[in-house]
Amino acid sequence: MLSRVAGLVVPLLGRLDVTTDAAGGPATGSIVIANHTSLSDPAIVLAALRRLGTEPVVLAAAGLWRIPVLRRVLTREGHIPVHRHDPRAAQAVRDARAALAAGRTVLLTPLGGLPPGSPPREPPPRRFHPGLYHLARSTGAPVVPLGQAGAPAVVSGPPVRQVAGLLTAPLRRPRLCVHVGEPLYLGRGRDEALDAARTALTRAWCVAARRLDARSHRPAP
């Protein structure tokens, strides 16, 4: 349901542009990692993946499960709550392993929350949390980097600005660029593996950002 709703709503808010390095979308049983720059980018990522034929299980902030209606939808569809800075955080990795074993594709943001502040330009991916490494090494699943750019044009900044951006997006129709890179398998060393994954995600983000800037006639980062 979340993927279907995103696939319907996102094209109304902006012009979604999806490119890939490989033919088709992520293979079944992959771990898709995405950068996170706005409250709107989860929907953009889901819409892009649905266009590529993928409807993933999402690891999302546990606070979303406090919303009664949304909690029922998230639980019914098998999405996974992440309790950050909490002993229950390890359960998210176990649940993600089970989803991969069942043949599902898993989507997560290894950077955690949004970047601090409201920079005028979208920052590159920050240092990753180690949960991605533990999940990939324990399952052998390929990691697929997905870079997205343009989401802050839909929603960003303080709450009033977020609401204004969402309400005016159908009129402004900002361009939203997503690029999916080649899959990779993480090595044995944790730091080296996370650096490799971060490099791959940064490359995918750069492709998306350059496409966005080229179409917006702005200098690329």
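The values are calculated or read from the model by the stated rules, or taken from the named source; none is laboratory data. Source: prediction; values computed, not measured. FYI the Cβ positions are ideal-geometry reconstructions off the backbone, even for glycines, and counts take in every protein chain you see. Just so you know, the surface numbers come from the protein's heavy atoms only, side chains and all, with ligands and any DNA or RNA stripped out. Shrake-Rupley method; radii C 1.70, N 1.55, O 1.52, S 1.80 Å.
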log₁₀ of I(q)/I(0) at q = 0.13, 0.20, 0.22, 0.23 Å⁻¹ - the range 77-193, Debye sum with one point per alpha carbon: -0.67, -1.21, -1.29, -1.34
Förster radius 30 Å - calculated FRET efficiency between residue 172 and residue 19 (Cβ-Cβ, nearest 0.05): 0.85
Relative contact order of the chain, pairs being alpha-carbon contacts under 8 Å that are 6 or more residues apart, as %: 29 percent
Among beta bridges that DSSP assigns inside the chain, antiparallel share in %, nearest 5: 20 percent
In sequence order, calculated HN-Hα J values of the range 4-9 (Karplus, 6.51, -1.76, 1.60; Hz; x Gly/Pro): 5, 4, 4, x, 8, 7
Convex hull projection area averaged over all views, the chain, Cα basis, nm²: 11.7 nm²
Residues with amide H under 5 Å from that of residue 61, placed H, sequence gap 5 or more: 82
Sequence-separation-based contact order of the range 1-80, relative, with Cα cut under 8 Å and 6+ spacing, percent: 36 percent
Per residue value of the accessible surface for the range 14-98 (all protein chains in place, 1.4 Å probe), Å²: 49 Å²
Heavy atoms of residue 75 accessible to a 1.4 Å probe, total area in Å² rounded to 10: 90 Å²
Sites residue 90 and residue 127 - FRET efficiency at Förster radius 22 Å, r taken between beta-carbons, to 0.05: 0.65
Among 54-64, 156-166, 30-40, 5-15, the order from most to least packed when residues are scored by Cβ within 10 Å on average: 30-40, 54-64, 5-15, 156-166
Efficiency of FRET from Cβ geometry, residue 65 and residue 192, R₀ 30 Å, rounded to 0.05: 0.30
Charge-dipole axis of the range 126-185 as Lys and Arg at +1 and Asp and Glu at -1 on Cβ define it, positive-most pick from 143, 178, 156: 156
Leading residue at positive end of dipole, the range 41-112 (Cβ point charges), from 56, 43, 68: 68
Percent carbon-and-sulfur accessible area, the chain, ignoring ligands, DNA and RNA, probe 1.4 Å: 59 percent
